[in-house]
Amino acid sequence: MNNRLIKTLSCLLTGIIVLPLLSSGVRADIGQPDIQIPSLDELNCSSYCVYDKTTGSEVIGKNSHDRVYPASMTKIMTAQLGLDYLELDDVLTVSQNAIDNVTSDSTLMYLIVDEEVEFSELLYGMMLPSGNDAANVVAEGVVDAIYEKYPAGGGEVGPDGIDASFFEEQLGVSDEEIKESYKISAFVELMNLRAENIGCTATHFMNPNGLHHDDHYTTASDLALIMGKAVENPDFCTVINSPSHIFKATN
């Protein structure tokens, strides 16, 4: 998703408006027409939240704490965690599990099993074509990075104050089982921890990409917090302000 699409989704799907974090005038060349953002008195949606990041307060809202399904805005959280735990030039290998955990009607980056892709490229693959496959690969890469950088009992913890033992405690399975079969589930536990850490009170994730699940939900107010945290990273802002991207060749 580019910044125009994020602003449109924010207003029309969940009603989030984050002021004034995203630049205007960026034209996408992915076949999306220009969008005129309506004024508040013209806004027709079930809930919205106008959030002032400078003061950390809600300026105005409508049903901003009502439960909504975030769909692909879930990827804002996935990108945020990826940027906190991975380096842009880290090379991740696409697993069979990452590909198997998307539906046939998914929006995709069109990755293939055993493809080796830089994390920076996966970011664009998540946020421009909204690739569910890319989101899954990033999720698995973050879990691998935590096992490498913050092993259980190693004395070091990551940005969310945990080491790899967190996954075993939450999932009730061994680290070998997690690495073999439960990396995406482990990442989801990290997503929910991050949501709690940044002050979300009514958010619960079930996957890293936004595919519908009845227990995968948030609110307009919580999404404002998630977006507000994400845009603190300049690399995130660069990606969402990009009108297009030409992907590097891979193996």
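The values are calculated or read from the model by the stated rules, or taken from the named source; none is laboratory data. Since this is a predicted model, take the numbers as computed values, not measurements. Neighbour counts run over all protein chains shown; Cβ positions are idealised from the backbone, glycine included. Keep in mind that these areas ignore ligands, DNA and RNA; they rest on the heavy atoms of the full protein, side chains included. Shrake-Rupley method; radii C 1.70, N 1.55, O 1.52, S 1.80 Å.
Collect the residues in the stretch 48-59 that are under 21 Å from the mean Cα position of the chain (by Cα) and either among the aliphatic types (A, V, I, L, M) or in a loop (DSSP other than H, G, I, E, B) (or both), keeping them in residue-number order.
VAL50, LYS53, GLY56
List pairs: first residue in the stretch 59-75 and under 16 Å from ASP214 (Cα atoms) and charged (D, E, K, R), second residue in a strand (DSSP E or B) and open to solvent by 10 Å² or more (accessible area, probe 1.4 Å) anywhere in the structure, Cβ distance under 6 angstrom, at least six positions apart or on different chains.
Going by the 6 Å Cβ cut-off, the qualifying pairs are ARG67/TYR217.
For the structure I just gave you, tell me whether THR107 is under 18 Å from the mean Cα position of the chain (by Cα), open to solvent by 30 Å² or more (accessible area, probe 1.4 Å), at pLDDT 90 or above and among the hydroxyl-bearing types (Ser, Thr, Tyr).
So THR107 passes the test.
Kindly check whether there is at least one residue in the stretch 166-181 that is free of Cβ contacts under 8 Å to residues at least 24 places away in the same chain and either in contact with a Phe, Trp or Tyr (Cβ under 7 Å, 6 or more places away or on another chain) or within 16 Å of MET77 (Cα to Cα) (or both).
Residues of the stretch 166-181 free of Cβ contacts under 8 Å to residues at least 24 places away in the same chain: 168-174, 176-177, 180.
Filter again for either in contact with a Phe, Trp or Tyr (Cβ under 7 Å, 6 or more places away or on another chain) or within 16 Å of MET77 (Cα to Cα) (or both), leaving 171, 173.
Yes: the stretch 166-181 contains one or more residues that are free of Cβ contacts under 8 Å to residues at least 24 places away in the same chain and either in contact with a Phe, Trp or Tyr (Cβ under 7 Å, 6 or more places away or on another chain) or within 16 Å of MET77 (Cα to Cα) (or both).
How about the stretch 60-89: which of its residues are open to solvent by 80 Å² or more (accessible area, probe 1.4 Å) and part of a loop (DSSP other than H, G, I, E, B)?
Step one: list which residues in the stretch 60-89 are open to solvent by 80 Å² or more (accessible area, probe 1.4 Å), which gives 62, 65, 67, 69, 87, 89.
Selection gives HIS65, ARG67, TYR69, GLU87, ASP89.
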